[in-house]
Amino acid sequence: SLCAGEAPGLSYRELKDLKKTNVLHIDVRERWEIDRFGKIPESINIPLGELVEALQMDPMEFKEQYNQKMPSKSDPVVFSCLAGTRSKQALGFAMSLGFS
């Protein structure tokens with residue numbers, strides 16, 4: 001289940017269309033879930049428990065840790081998890097840190 005601020009509940013097709021634009025897709029599942037169920041192409045994995053710290057990192061440190069440019073507070077970001085609960089929490093965390 002996917003979550004984006006304006007549209008909490010993106011379909012897979014909507015996500016695929018969004019990925020053609022400049023959206024950052026953060027998968028907040030645990031690493032063992034990625035190993036067991038597979039990685040979503042072109043997503044980065046930041047487990048929910050690490051997300052608040054990750055979104056406050058120095059951009060160079062973020063790039064080193066996640067091999068991806070750190071999103072700015074106005075960049076489009078989509079969170080996903082297995083059922084939708086953690087992605088909604090992730091959205092709340094990001095918004096509380098000033099992400100729009």
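For region 23-77, dividing the convex hull volume of the Cα atoms by the residue count gives 75 Å³ per residue.
Working note: Cα gyration tensor of the chain, eigenvalues times five, square-rooted, sorted largest first, giving semi-axes of 18, 16, 14 Å.
Computed over the chain, the per-residue total of -39500 (n - 2.57) for DSSP H runs of n ≥ 4 gives a 222 nm mean residue ellipticity of -11500 deg cm²/dmol, rounded to 500.
Split the chain at each of the GluC sites (Glu not before Pro) in a DSSP loop with at most 13 other beta carbon atoms within 10 Å, and the longest piece is 43-100.
Only protein heavy atoms count here; under a 1.4 Å probe, residue 55 has an accessible surface of about 10 Å². Qualifying trypsin sites (Lys or Arg not before Pro) in the chain, where qualification requires a DSSP coil assignment and no more than 13 other C-beta atoms within 10 Å, comprise 20, 39, 69, 73. For region 12-97, a crude dipole built from +1 on the beta carbon of Lys and Arg and -1 on the beta carbon of Asp and Glu, taken about the Cα centre, is about 360 debye to the nearest 20.
The values are calculated or read from the model by the stated rules, or taken from the named source; none is laboratory data. Note that the structure is a prediction, hence the values are computed from the model and not measured. Glycine gets a Cβ as well: all are built from the backbone with ideal geometry, and neighbour counts include every protein chain shown. The area values use the complete protein model at the heavy-atom level, side chains included, leaving out ligands, DNA and RNA. Shrake-Rupley method; radii C 1.70, N 1.55, O 1.52, S 1.80 Å.
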